[in-house]
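Following: one structure in structure tokens, then a few remarks.
The values are calculated or read from the model by the stated rules, or taken from the named source; none is laboratory data. This one's a predicted model, so the numbers in the text were calculated from it and none came from an experiment. No Cβ is skipped: glycine too gets one built from the backbone with ideal geometry, and neighbour counts run over all protein chains shown.
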Amino acid sequence: MVRVLVIGGGASGMMAADAAASAGAETVILEKNKLCGLKLGITGKGRCNITNDCEVQELIKNTVRNGRFLYSAFSEFGPGDTMDYFESIGIPLKVERVNRGFPASDRAMDIVLGFRNRLRELRVKVLQGTAEELLVSGGRVTGVRTAEGRNIHADAVIIACGGMSYPRTGSTGDGYKLAKQVGHSIVPPTPSLTSLIAAGNISSRLEGLSLKNIAVTLGQGGKIIYKDFGEMVFTSNGVSGPVILSASSHIPDKNPFPCVLSIDLKPALDRETLDKRLLRDFEQNKNKYYINTLAELLPSKMIPVIAELSGIPEKLPVNSITREQREKLCGLLKNLTFIIKGVSGFNDAIVTRGGVSVKDISPKTMESKLTCGLYFAGEVMDVDAYTGGFNLQIAWSTGRKAGTCAAQQEDWQ
Ligand SMILES: Cc1cc2nc3c(=O)[nH]c(=O)nc-3n(C[C@H](O)[C@H](O)[C@H](O)COP(=O)(O)OP(=O)(O)OC[C@H]3O[C@@H](n4cnc5c(N)ncnc54)[C@H](O)[C@@H]3O)c2cc1C
């Protein structure tokens, strides 16, 4: 009987263990935490957005780095297979806006508990311990030595240690060290799907304010890096929210900062139409102070900030506002800019960008091209995607493939 050892009992590790055990292998998970699935239990704000119910091409489009590498894994175990799998282990699902799949109960813990039960049924052994070193003999992996001093032997080892984001859940970059030990190169890991830190105090004055239906453009040196519509929120030191998290995936690797974030507060109106709208508003309120005419245009928290940035005295009657002053206000509403000087760290990042380079991993099997019997699954690899269930789909697809192929070890010798 082939013995498969999975390092890491996160999303990809549990799926890999299921696949290996279902294919007939004796399967062991080595997990540093007391229980498997700690991060999985907090995904999707506790609801777990398990997948995005879309076609393979759409999955690849939403994978920011190395989507093509995942073609085979996505094709063999895609969103439909993911949903069939969870329903088959007794977890009813639902699909919400923009194809996002969730457990019908809205409880991420149902996914975790469902997995734990399933692994028990399959007699997958879960050992608590921290993998520290791969045991290798004649170009083949033969097991793992743990930090606790134990040697665990196996015919195949799957590294499913995750990246470095939310390290309190156990994902602390250990997989990179293990992969490096056998010659794999590591694309430098950086936090992604994370908040941006802005220079100045404007964002802190607006802290807590969320904006819907705005357009953002992230640029550097006059070049547009990312552009989209959506929702965002101001934080104590910058900006966050769905559209900002996606923008963070596109921060350049080299010389990342400063970047410029431009917010179009009125994307539905071009400059000319917006100017006409301002003229009309000012006309209807001609004897009012400038500050008292902005309520229809802006959320209340933003009014004093925009008024100050426009340089127009708050108590100027609107009929005294000059054309230049109006144009400046119009410019602010269409292009409110922030200098971005950094991103939040790994503690708050939803995923890690970078990781084990995919150039030395077979996309057909997830096996290392450098060491026989060694496989990879999930975020430990240099793959990352936008929010929307895509990152977990990567974990399921690669976990399934690594587990199935690892269990077929002997057939390939
Ligand atoms: C707050 C938050 C919310 C998220 N929400 C979503 C969502 O709704 N939808 C979505 O698609 N994605 C979401 N993600 C991303 C998704 O959770 C990850 O991409 C996914 O969990 C990666 O799975 P993984 O198995 O590769 O790694 P992980 O889930 O990080 O699991 C790695 C496991 O390996 C263990 N481990 C590490 N090193 C060792 C070692 N040396 N020895 C033994 N064990 C070790 C860790 O303890 C951990 O249990 C979210 C992420 C966060 C942080």
*asked:* When the residues of region 333-366 are narrowed to those that are within 20 Å of the chain's Cα centre (by Cα) and part of a loop (DSSP other than H, G, I, E, B), which ends up farthest from the ligand (Cβ to nearest atom)?
replied: 357
*When both residues are 6+ apart or on different chains and their Cβ atoms are under 8 Å apart, which pairs have a first residue that lies in region 81-106 and is within 14 Å of residue 51 (Cβ to Cβ), and a second that is of a type in the set (Val, Ile, Thr) and part of a helix (DSSP H, G or I)?*
86/111; 91/111; 101/82; 103/111
*From the list 187, 182, 157, which residue is of a type in the set (A, V, I, L, M), out of contact with any His (no Cβ under 6 Å at 6 or more places or on another chain) and under 21 Å from residue 64 (Cβ atoms)?*
187
_Residue list for region 298-327, restricted to those being among the β-branched types (Val, Ile, Thr) and not in a helix (DSSP H, G or I)_ = 312, 321, 322
*Within the group 136, 112, which residue is surrounded by 15 or more Cβ atoms within 10 Å (Cβ to Cβ) and assigned to a strand (DSSP E or B)?*
136
*Please indicate, with yes or no, whether at least one residue in region 209-219 is exposed (fewer than 13 other Cβ atoms within 10 Å of the Cβ), touching a strand residue (DSSP E or B) at 6+ places or on another chain (Cβ under 8 Å) and closer than 30 Å to residue 147 by Cβ.*
no
*Considering region 115-131 alone, what residues qualify as being surrounded by fewer than 20 Cβ atoms within 10 Å (Cβ to Cβ) and either without any contact (Cβ under 8 Å) to a residue 40 or more places away in the chain or outside any strand (DSSP E or B) (or both)?*
116, 117, 120, 121, 122, 123, 129, 130
*Return yes when residue 398 is more than 27 Å from residue 260 (Cβ to Cβ), more than 10 Å from the ligand (Cβ to nearest atom) and touching a residue at least 24 places away in the same chain (Cβ under 8 Å) and no when it is not.*
no
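Yes/no matrix, rows are residues, columns are (1) acidic (Asp, Glu); (2) modelled with pLDDT of 95 or more; (3) more than 18 Å from the chain's Cα centre (by Cα):
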{"residue": "190", "(1), (2), (3)": "no, yes, no"}
{"residue": "195", "(1), (2), (3)": "no, yes, no"}
{"residue": "206", "(1), (2), (3)": "no, yes, yes"}
{"residue": "264", "(1), (2), (3)": "yes, yes, yes"}
*asked:* Looking at the structure I just gave you, is residue 50 near the ligand (Cβ under 8 Å from one of its atoms) and in contact (Cβ under 8 Å) with a residue 40 or more places away in the chain?
replied: yes
*Filter region 153-171 for residues that are crowded, with 19+ Cβ neighbours inside 10 Å and either touching a strand residue (DSSP E or B) at 6+ places or on another chain (Cβ under 7 Å) or free of Cβ contacts under 8 Å to residues at least 24 places away in the same chain (or both) and give the result.*
154, 155, 156, 157, 158, 159, 160, 161, 163, 164, 165
